[in-house]
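To start, the structure itself, in structure tokens.
FYI, it's all coordinate maths here, none of it is from the lab. In this text the structure is predicted, and so the values were computed from the model without any measurement. Please note: Cβ atoms are built from the backbone with ideal geometry, for glycine as well, and neighbour counts cover all protein chains shown.
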Amino acid sequence: MKGARLLRLARGNLLRELGVLSVSAGGVGLGIGCLVFFLALGAGLRLAVNDVFPASTREVEVVVPQVAFGSLLGDLKIDDALLKRLAAIHGVERAFPKMALRVPAVTRYNGMFFGHELHMGLEIIATGLPPELLAQDVRAPFEDQGESKPIPAVANRRLLELYNKVFAPQRGLPRLTDSMLIGFQIPVELGRSYIVGKTMDNPQQTALQIAGFSDRAALAGISMPLAVVRRINARFGADAESYSSVLLRARSSQAVPGIAEAVKRMGLEIDESERRSALQIGQAVELVTLALSLLAALITALAAINTTQTFYASVRERRREIGILRAVGATRGDVAAVILLEAAATGIAGGIFGIVLARTAAALLDWFAKTHLPDFPFKPQSFFHFGWGHVGLGVGVALLAALFGAFFPARAAARLDPAKALSE
Amino acid sequence: MTELAAKLVAVEKRYPPREPGAAPQRLFAGLDLDVARGEFVAIEGKSGSGKSTLLHILGGLDRQFAGEAYVFGQALRGLTDNQLATLRHQKLGFVFQSFNLLPGLSALDNVLLPDAFGSGVPDAARRAREALERVGLADKAKARPAALSGGERQRVAIARALLSRPPLLLADEPTGNLDATTGEGVIALFRELHKEGMTLLIVTHEVRVSHAAERVLVLREGKLVPGEEGT
């Protein structure tokens with residue numbers, strides 16, 4: 001109740017000094033605007049990086065080291081026995097073995113491709129994955145349906161993005177969505193290579209049928225059901241027993257370091273190339289965001305100093321009024337509270353103004369990027385991510401800056417000698 | 001023995017010397033004052049004689065003095081800053097020569113000012129309207145001080161002093177900035193308050209105010225001496 005009464009008193013002063021306090025609030029708002037803008041930019045860029053390098057904090061990819069003591073002896077490979085040991089590591093929820101297609105394969109496409117004539121020959125790189133790993137993303141059966149049936153294939157979403165943003169515009173081909181490609185078939189010849197110009201005995205003509213797109217699918221090449229790859233490798237006399245890698249899913253992200261240690265003790269290693277790239281880019285974004293946020297903090301600090309000067313001037317001008325407040329029963333604390341309430345209102349107004357400023361600037365920049373920048377791969381819809389945390393932080397920092405700025409003037413006001421103030 | 005509303009005992013007040021090496025200026029030299037509850041006392045004196053300082057000491061606003069000051073039996077020297085604020089809030093009303101209204105607030109909000117402090121004033125909104133009605137400004141409740149005449153501003157200031165119904169009203173040259181007619185209105189209001197039992201201590205240099213008082217004292221050479229009696 002008392003707070004409401006003091007607020008009513010502060011409101012009168014705020015209205016009277018609206019012009020001067022608006023300048024103070026504007027200064028705080030400018031600093032907060034910069035702070036929120038840079039933080040939202042950092043958050044937006046982190047999301048964009050995550051989009052390019054989607055890394056799970058619960059999963060690790062186990063591979064055989066390229067140079068390992070075991071492999072020199074020729075006996076270190078991931079077979080079913082080692083797979084069982086990996087799956088039994090404490091903290092592992094599930095192990096997903098992956099097997100590379102160890103047989104050359106090519107595709108030659110001559111025909112209409114969504115209304116466009118297309119002539120294309122490509123070497124195919126493929127990896128076999130357990131169907132349950134991609135179950136959430138596939139939209140057509142993803143299992144071995146026999147030698148006479150097309151091979152289900154899942155491509156990485158990032159390949160579709162690269163096709164749409166780079167390949168299609170260069171070749172005048174249409175842009176495609178994943179739903180357009182589901183069920184699409186591409187002829188494939190197993191046992192043949194364009195690169196080495198060699199065809200194995202008894203090559204096999206078949207087809208790939210797109211079953212879906214997934215971030216979990218291999219980035220290089222396409223993903224097939226594990227059983228299909230195992231069958232093709234066996235048919236052509238290639239290794240159909242050992243796995244090229246194993247994806248281990250931990251029960252929690254906290255269990256990952258322990259799992260990594262156990263994997264290393266087995267003579268295997270964790271493939272962190274993609275995670276490392278994401279980490280390095282993420283760190284660069286963090287660093288730039290931090291530097292820009294410090295700049296914004298400096299602007300906010302200058303605004304706080306300006307607030308100090310404004311409130312000192314206000315207290316000087318209102319010495320007599322402060323004397324009146326003391327005469328009608330205000331304590332020193334009441335006088336300080338009135339000044340700090342005025343500062344709080346100034347800070348909150350500055351914070352809200354700053355957030356509006358940041359959102360407006362972000363919208364303008366996004367609009368500029370949308371209309372003036374080329375459509376490059378993984379170009380985000382927005383470079384910014386505003387969360388409620390930014391609103392809270394913006395208003396909170398603005399409030400603190402204003403209260404900090406008004407602290408010493410409020411203390412000076414509280415310490416005024418009322419008799420002297422009334423005699424002036 | 002009549003209970004005293006205000007009492008000063010051997011009060012001395014000095015101001016720092018105006019020039020280095022000079023002697024401190026002595027304003028009061030062993031000043032004594034007794035004001036009985038319900039009394040209407042006027043204190044006259046020349047400009048600079050210390051009339052305002054006397055009120056500031058009694059109101060606990062000026063604590064830099066020697067001697068003792070009591071308000072309704074409470075020794076002001078023993079009170080903390082917050083206790084003095086409570087005393088002012090509950091037992092004292094101040095009226096100043098220059099009105100001292102807050103320019104950012106309406107007349108009604110100025111009257112309500114004491115309600116913002118301490119434990120507030122019971123039924124403050126109704127009391128504020130009654131106080132404005134009593135000083136004849138019920139229709140000016142929403143007006144800002146800048147839109148009021150000098151007499152109206154002083155009446156708002158009196159209404160503010162009356163909000164918490166204090167038993168002791170301290171007025172510093174309350175008619176000093178008013179014309180004769182408006183000043184008479186204010187004096188009439190003081191008479192009414194006195195009749196209702198309020199203790200009034202008014203410092204003035206105007207004879208018409210002194211005539212309204214029961215007792216007149218003159219502040220001369222740092223001491224209070226009896227002056228010409230009022231009504």
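Using a 10 Å cut-off on Cβ to Cβ distances, tally the other chain neighbours for every residue of A:416-424 and report the average as a whole number. Walk me through the intermediate numbers first.
On the way: counts 0, 5, 9, 11, 4, 1, 11, 5, 0.
For peptide A:416-424, the averaged partner shielding equals 5.
Give the average, rounded to an integer, of partner chain Cβ atoms located within 10 angstrom of each Cβ in A:331-339.
On the way: counts 11, 3, 4, 6, 2, 0, 2, 2, 0.
Across A:331-339, the average partner-chain Cβ count within 10 Å equals 3.
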If amide H atoms are modeled at 1.01 Å from N in the peptide plane, then the residues at a separation of 5 or more from A:N156, or on another chain, having amide H under 5 Å from its own are A:S214
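If you wrap a convex hull around the C-alpha atoms of the stretch A:134-233 and split its volume per residue, what is the figure in Å³? Show your work: numbers first, answer last.
On the way: hull volume 11.4 nm³, N = 100.
Looking at the stretch A:134-233, the number lands at 114 Å³ per residue.
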Electrostatic dipole magnitude of chain B [Cβ: Lys, Arg +1; Asp, Glu -1; Cα centre; debye, to 20]
420 debye
HN-Hα J in Hz across the stretch A:182-197 - Karplus 6.51, -1.76, 1.60, θ = phi - 60°, x for Gly and Pro
4, x, 5, 10, 10, x, 9, 10, 8, x, 10, 9, 7, 5, 8, x
Kindly work out what percent of the DSSP beta bridges joining two residues of the protein assembly as shown are antiparallel, to the nearest 5.
65 percent
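Using unit Cβ charges (K, R positive; D, E negative) and no other charged atoms, how large, in debye to the nearest 20, is the dipole of the stretch B:1-67 about its Cα centre? Before the final figure, lay out each step's value.
On the way: 9 positive and 8 negative charges, 52 e Å.
Result for the stretch B:1-67 is approximately 240 debye, rounded to the nearest 20.
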Could you work out [θ]222 nm for chain B from helices alone, using -39500 (n - 2.57) per DSSP H run of at least four and dividing by all its residues? Round to the nearest 500 deg cm²/dmol.
-9000 deg cm²/dmol
0 to 90° range, to nearest 10: angle between helix A:388-414 axis and chain A longest Cα axis:
20 degrees
Helix A:2-16 sits at what angle to the longest principal axis of chain A, using alpha carbons and giving 0 to 90 degrees rounded to 10?
80 degrees
Relative contact order, percent, of the stretch A:1-143 when contacts are C-alpha pairs under 8 Å separated by at least 6 residues?
12 percent
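Apply 1/(1 + (r/R0)^6) to the Cβ-Cβ distance of B:Q74 and B:S119, taking R0 = 25 Å, and write down the FRET efficiency to the nearest 0.05.
On the way: r = 18 Å, r/R0 = 0.72.
Efficiency computed from Cβ-Cβ geometry: 0.90.
Can you check how the C-alpha radius of gyration of chain A compares to 2.2 N^0.38 Å, as a plain ratio?
Details: Rg = 32.8 Å, N = 424, 2.2 N^0.38 = 21.9 Å.
So the Cα radius of gyration is 1.49 times the expected 2.2 N^0.38 Å.
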Set of the stretch A:210-232 residues, backbone N closer than 11 Å to the point 7 Å along the Cα-Cβ line of A:E147
A:232
Taking only the alpha-carbon positions of the stretch B:116-203 and ignoring solvent, what does the Debye formula give for the base-10 log of I(q)/I(0) at q = 0.22, 0.24 Å⁻¹?
-1.21, -1.37
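Normalised radius of gyration for the stretch A:231-281, please: alpha carbon Rg relative to 2.2 N^0.38 Å, two decimal places.
Details: Rg = 15.2 Å, N = 51, 2.2 N^0.38 = 9.8 Å.
So the stretch A:231-281 has a normalised radius of gyration of 1.55.
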If r is the Cβ-Cβ distance from A:E286 to B:A143 and R0 is 56 Å, what FRET efficiency results, to the nearest 0.05?
0.45
Amide proton proximity set for B:F40, modelled H, under 5 Å, gap of 5+
B:L200, B:E214, B:R215
Positive-end extreme of charge dipole, the protein assembly as shown - chosen from B:S106, B:A22, B:G222 (charges on Cβ)
B:G222
Take chain B, compute every pairwise Cα distance, and split them into 5 Å bins from 0; I just need the percent in each bin.
1, 7, 14, 18, 20, 16, 12, 7, 3, 1, 0, 0
If packing is taken as the mean number of other Cβ atoms within 10 Å per residue, what is the order of A:129-135, A:32-38, highest first?
A:32-38, A:129-135
Taking the stretch A:253-296 as the region of interest, what is the percent of Cα-Cα pairs per 10 angstrom bin, listed from the shortest bin to the one with the maximum distance?
24, 32, 25, 15, 4
Of all GluC sites (Glu not before Pro) in the stretch B:1-63, which ones are in loop regions per DSSP and have a Cβ with at most 12 other Cβ atoms within 10 Å?
B:E3
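Quick check on the stretch A:215-334: what are the equivalent-ellipsoid semi-axes from the Cα gyration tensor, as sqrt(5λ), descending, whole Å? Spell out each step's value before the answer.
Values: eigenvalues 971, 61, 36 Å².
Largest first, the stretch A:215-334 gives 70, 18, 13 Å.
Give me the inter-chain shielding for B:83-95: mean count of other chain Cβ atoms within 10 Å, whole number please. Please report the intermediate quantities before stating the final value.
Working: counts 1, 4, 12, 2, 1, 7, 6, 1, 1, 3, 2, 7, 1.
Rounded to a whole number, the mean comes out at 4.
Send over the semi-axes of the stretch B:1-100's equivalent ellipsoid, whole angstrom and largest first, taken as the square roots of 5 times the C-alpha gyration tensor eigenvalues. Walk me through the numbers before you get to the answer.
Working: eigenvalues 114, 49, 45 Å².
Values for the stretch B:1-100, descending: 24, 16, 15 Å.
Over chain B, what is the relative contact order in whole percent, taking alpha-carbon pairs under 8 Å and six or more residues apart?
On the way: 462 pairs, mean separation 64.9, N = 231.
Relative contact order, chain B: 28 percent.
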With the dipole of the protein assembly as shown worked out from charges on the C-beta (+1 for Lys and Arg, -1 for Asp and Glu) around the Cα centre, which of A:N164, A:A10, A:A220 lies farthest toward the positive end?
A:A10
So how tilted is helix A:256-265 from the main axis of chain A? Cα-based, degrees 0 to 90, rounded to 10.
40 degrees
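Taking R0 as 41 Å, what's the FRET efficiency between B:A180 and B:R37 from their Cβ-Cβ distance, rounded to 0.05? Before the final figure, lay out each step's value.
Working: r = 31 Å, r/R0 = 0.77.
Result of the calculation: an efficiency of 0.85.
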Using the Cα centre of the stretch B:126-177 as origin and beta-carbon charges of +1 (Lys, Arg) and -1 (Asp, Glu), tell me which of B:P174, B:A157, B:A138 is placed farthest towards the positive end of the dipole.
B:A138
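Please state the charge dipole magnitude for the protein assembly as shown, taken about the Cα centre, from unit charges on C-beta atoms (+1 on K and R, -1 on D and E), reported in debye and rounded to the nearest 20.
The calculation lands at about 460 debye.
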Would you check chain B for Lys pairs whose C-alpha atoms are within less than 18 Å, ignoring same-chain pairs closer than 8 in sequence, and give me the count?
9
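Can you give me the relative contact order of chain A as a percent, contacts being Cα pairs under 8 Å and 6 or more apart?
Answer for chain A is 31 percent.
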Looking at the stretch A:79-167, what % of the alpha carbon pairs are farther apart than 23 Å?
44 percent
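If packing is taken as the average count of other Cβ atoms within 10 Å, what order do B:127-133, B:47-53 fall into, highest mean first?
On the way: B:127-133: 19.4, B:47-53: 17.7.
Those peptides, ordered most packed to least, come out B:127-133, B:47-53.
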Per the helix-only calculation at 222 nm, which mean residue ellipticity applies to chain A, given -39500 (n - 2.57) for every DSSP H run of n ≥ 4 and division by its residues, nearest 500 deg cm²/dmol?
-17500 deg cm²/dmol
Here the percent of antiparallel bridges among DSSP beta bridges lying wholly in the stretch B:89-230, to the nearest 5, is 30 percent
For chain B, set up a Gaussian network in which alpha carbons nearer than 10 Å are linked by springs, and say which option among B:L92, B:L105, B:L170 fluctuates the most.
B:L105
